[in-house]
1. Please pick out the residue among K315, K295 that is basic (K, R) and closer than 17 Å to G357 by Cα.
2. Taking S314, is it at positive phi, open to solvent by less than 30 Å² (accessible area, probe 1.4 Å) and more than 11 Å from the ligand (Cβ to nearest atom)?
3. Working only within the stretch 166-208, note down all residues that are within 13 Å of the ligand (Cβ to nearest atom) and of a type in the set (D, E).
4. Taking the stretch 26-51 on its own, how many of its residues are surrounded by fewer than 11 Cβ atoms within 10 Å (Cβ to Cβ) and in contact (Cβ under 8 Å) with a residue 60 or more places away in the chain?
5. Please determine, by comparing only the residues of the stretch 503-517 that are at pLDDT 90 or above and open to solvent by less than 90 Å² (accessible area, probe 1.4 Å), which one is nearest to G69 (Cα to Cα).
6. Write out, first by first residue and then by second, each pair whose Cβ atoms fall under 6 Å of each other, whose residues are 6+ apart or on separate chains, and whose first residue, in the stretch 132-152, is among the hydroxyl-bearing types (S, T, Y) while the second is open to solvent by less than 20 Å² (accessible area, probe 1.4 Å) and assigned to a helix (DSSP H, G or I).
7. List every residue pair whose Cβ atoms sit under 8 Å apart, with the two residues 6 or more apart in sequence or on different chains, where the first one lies in the stretch 96-107 and is closer than 13 Å to L473 by Cβ and the second, anywhere, is in a loop (DSSP other than H, G, I, E, B) and away from the ligand (no atom under 14 Å from the Cβ).
8. Select, from R228, R219, the only residue that is open to solvent by 30 Å² or more (accessible area, probe 1.4 Å) and either within 25 Å of K105 (Cβ to Cβ) or over 17 Å from the mean Cα position of the chain (by Cα) (or both).
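The values are calculated or read from the model by the stated rules, or taken from the named source; none is laboratory data. A quick note: this is a predicted structure, and the numbers were derived from the prediction, not measured. Positions of Cβ are backbone-derived with ideal geometry, glycine not excepted, and every protein chain shown enters the neighbour counts. These accessible areas exclude ligands, DNA and RNA; they are computed on the full protein's heavy atoms, side chains included. Shrake-Rupley method; radii C 1.70, N 1.55, O 1.52, S 1.80 Å.
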Amino acid sequence: MSVNQSGWRPEMGDATTNARTTFTGNRALMLEEALIFEIGSTETTGVDIDEVPTVASRLGNHARTSPIGLPGLSEPEAVRHYTRLSRQNYAIDLGLFPLGSCTMKHNPRLNERMARLPGFADLHPLGPIDTVQGALEVIHQLAHWLVTLTNMDSVAMSPKAGAHGELCGILAIKAALEKRGEGHRKIILVPESAHGTNPATAAFAGFKVEDIPATPDGRVDTQALKDRLGPDVAGVMITNPNTCGLFERDLKDISDAVHAAGGYVYCDGANFNAIVGRVRPGDLGVDAMHINLHKTFSTPHGGGGPGSGPVVFSKALTPFAPLPFVEQQDGKFVLVEEETAGEHHADSFGRMVAFHGQMGMFTRALSYILSHGADGLKQVSEDAVLNANYVLRSLDDTLDAPFGQSGPCMHEALFSDANLADGFSTLDVAKGLIDEGYHPMTVYFPLVVHGAMLVEPTETESKAALDQFIGALRSVAERAKAGDQDLKSAPHFAPRRRLDETLAARKPVLAWKDALPTAEAAE
Ligand SMILES: *Cc1c(COP(=O)(O)O)cnc(C)c1O
């Protein structure tokens, strides 16, 4: 590949349909950026180091036999490279982020202030207990509020994401069944609309997954679920509100039936944002539920992290919950690291992580909960639901809303591709939105709706911001309905056009290989 010194490549010019190209490939403040290996070279170095005196190697056969192969860049070159890349990201601090099943809400800066206090930010996980009392108190207080908000018996704070929390809950169910001598119960029932992590978690923990169909109104088919219960069923995993953006009204009835048949109820609580302060999952018979702190209780979570997925447990599952947990004894906070016979967690299944969980996120979540208060949290869920319904009703004359007839939605508005022109798809609408300056909504999920478009505005958007988004989505949808061919090749204004996303996901090229022909790179 030909790369000149500034990293410019001739093919960069076709990043836009505008016939005007620039020498650099940059378009004013939209800066083109080559790969770091194309900018730097393994032959150069960014630092001057004096010649190292020859000393006898003490590495034995561990000495490196080939060059390390890192590109040499000076500090400003390295900083500019990553800053330029970061400017090509979309972020919640730039604009509305409509991803459904994600709760991308504004993270109040107060949380950041709290998380950065040196007493929390600079802790070492092995610090002596006497020196970290404040941090343990934060974990203990947050645990208290999570248990209170869900009306459950206990909470495991250590899981580090929603999916990790699911595994934690399912392992507790497994331990409880084994303790009862019913380890032969191998089936976990999962509704068709579930997030992919649910069946993946159950399978990973050694269970067999069976699908439960949905009713035409987008909810779990309660009768089909009840008919499947029996001595081989370990439990169910149900998301509430579900991924069609609807409240599972029968959950209490389902829980009673599952318990009567000897199984446990796992609730995927990723959508707790829509019901926090209004509904307590413990009242619905749930045995275990993860809470995505990074969704319901703010914390920025783009790009895969950080996450935190505490799991609340019913009385029945508490003895099997993982270690460690924080307890208050004689006015002091202690970390309980071992099972204690006859006490809480007497039959703990073990540990999920080496230490205690995500301290920075605990601090943010507690700051969020305390600054909102009980009335504020109630308002969060009300406003989130109001905003989603505003989006649903503003667009259901343009886009098909498959469950629009079943009444109001919860926190997300779901549309399908049913009335786009022939040859036009959800993907075209999503790509068109990029040109309008928005990250696309969640597409092709949930799977129960053809060409699904799932929009979750959250409570932190104003009416003006929603109106602008609605206007943009309406405009793109109308182009897709009118068969505007120009939309088939959108985005036109992004640094890259349509990528082969399947190839990039299936065969990602994650390491620089000098010899690789350019065409093979997942670009
Ligand atoms: C986000 C989400 C998960 C997974 O949570 P992570 O923190 O990303 O692991 C699971 N289920 C649902 C419904 C979700 O929205």
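1. K295
2. Values: at positive phi: no; open to solvent by less than 30 Å² (accessible area, probe 1.4 Å): yes; more than 11 Å from the ligand (Cβ to nearest atom): yes.
No; evaluated as a whole, the condition is false for this residue.
3. Within the stretch 166-208, just E166 meets the criteria.
4. 0
5. Step one: of the stretch 503-517, the residues at pLDDT 90 or above are 503-508.
From what is left, the residues that are open to solvent by less than 90 Å² (accessible area, probe 1.4 Å) are 503-505, 508.
Values: L503: 26, A504: 24, A505: 25, P508: 20 Å.
Per the criteria, the residue is P508.
6. T150/P281
7. Close Cβ pairs satisfying both conditions: L96/Y438; L96/P457; L96/E461; P98/Y438; P98/H439; P98/P440; P98/P457.
8. Working: R219 fails: open to solvent by 30 Å² or more (accessible area, probe 1.4 Å).
Only one candidate passes the filter, namely R228.
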